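Bear in mind these aren't lab numbers, they're just calculated from the coordinates by the rules spelled out. Note that the structure is a prediction, hence the values are computed from the model and not measured. Note that each Cβ is placed from the backbone with ideal geometry, even for glycine, and that neighbours are counted across all protein chains shown.
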Amino acid sequence: MQQIEDYLKSQDFSSEVLVIENGSQDKTFDVAQDFAKNHKDFSVQRTADRGKGLAVRKGMMAAKGEYRMMLDADLSMPVGQISRFLPPAQPEADIVIASREAPGAVRYNEPGYRHIGGRVINTMIRVMALPGLQDTQCGFKCFRAKAAEDLFSIQTIMGWAFDVEILYIARLRGYSIVELPIPWYFHEQSRLRPVYDALHIFFDLLRIRINARRGLYGRAS
């Protein structure tokens with residue numbers, strides 16, 4: 001959190017940081033609360049319900065800014081990259097997603113098995129839901145406020161595939177999506193389990209397709 005604080009202090013825009021804790025097994029909530037006591041732009045919320053998608057939804061709907069960015073807690077993307085997701089660097093996009101696969105992206109210290117597992121999952125996502133996007137699962141995404149409030153208000157998947165659903169709905173509703181290559185650093189505490197997660201994402205992709213056929217997501221006006 002100190003890295004984020006130092007970065008934001010050097011910027012000329014106003015900001016807020018929401019830490020959403022929902023089921024971590026460490027002392028995340030206590031550490032974040034202690035930090036927030038001495039930093040007025042940081043706030044911490046806790047929810048008993050599990051799921052990364054639920055935590056992100058809660059943060060996106062509670063945020064007040066015109067641009068709302070989700071960050072993985074391990075900061076595998078350097079915080080200095082955040083400016084590339086915002087105007088003037090990205091003046092027109094409704095959604096900007098970080099990509100470890102777009103031309104110009106660089107991965108550091110990632111084991112080969114981890115990269116192969118991730119590519120299998122991303123290929124499945126492209127075939128079944130989001131053709132053309134090379135990396136939908138990187139945990140750094142920025143939304144304009146209007147898009148965030150619209151998309152997360154009808155989110156149904158609260159697990160790991162929530163961002164696939166959000167981007168799928170975004171395309172249906174005509175929001176622009178920019179895929180931004182980033183430098184990305186692998187951390188040992190990564191929780192990706194290629195086989196287990198691939199099965200869960202596969203069934204979530206089926207659910208997304210079924211929801212779309214039932215008209216639950218609507219379309220762009």
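Work from the charge dipole of the chain (Cβ charges, +1 for Lys and Arg, -1 for Asp and Glu, about the Cα centre) and give the residue of P87, N38, G117 farthest towards its positive end.
Of the candidates, G117 comes out farthest on the positive side.
So if I take the centroid of the Cα atoms in the range 88-129 and the same for the range 31-66, what is the distance between those two points in Å?
25
Give the percent of DSSP beta bridges with both residues in the chain that are antiparallel, rounded to the nearest 5. All intermediate terms of the calculation are to be shown ahead of the outcome.
On the way: 7 of 20 bridges.
Within the chain, antiparallel bridges account for around 35 percent of the total.
What is the magnitude of the charge dipole of the chain about its Cα centre, with +1 placed on the Cβ of each Lys and Arg, -1 on the Cβ of each Asp and Glu, and no other charges, expressed in debye to the nearest 20?
Dipole of the chain, to the nearest 20 debye: 800 debye.
Using the per-residue mean of other Cβ atoms lying within 10 Å as a proxy for protection, in what order, highest first, do the peptides 90-97, 8-15, 140-147, 123-130 fall?
Most protected by this proxy first, the peptides run 140-147, 90-97, 123-130, 8-15.
From a point 7 Å beyond the Cα of H187 in the direction of its Cβ, which residues of the range 51-90 have a backbone N at a distance under 12 Å?
Counting backbone N atoms under 12 Å from the label point, the list is 71-79.
Using modelled backbone amide H atoms (1.01 Å from N, in-plane), which distant-in-sequence or interchain residues come within less than 5 Å of E110's amide H?
Residues meeting the criterion, in which the H sits 1.01 Å from N, are F186.
Considering the zone a paramagnetic label at H39 would reach in this model (a point 7 Å from Cα along the Cα-to-Cβ line), which residues of the range 77-120 have amide N under 14 Å from it?
Of the residues in the range 77-120, 79-80 have backbone N under 14 Å from the label point off H39.
Please compare each pair in K9/K58; K64/K146; K58/K141 to a cut-off of 20 Å on the Cα-Cα distance and tell me which ones are over it.
K9/K58
Tell me, what ³J(HN,Hα) does each residue in the range 8-19 have, in order and in whole Hz, if you take phi through Karplus 6.51 cos²θ - 1.76 cosθ + 1.60 with θ = phi - 60° and put x for Gly and Pro?
Taking θ as phi minus 60°, the curve returns 5, 4, 8, 9, 9, 10, 6, 7, 9, 10, 10, 9 Hz for the range 8-19.
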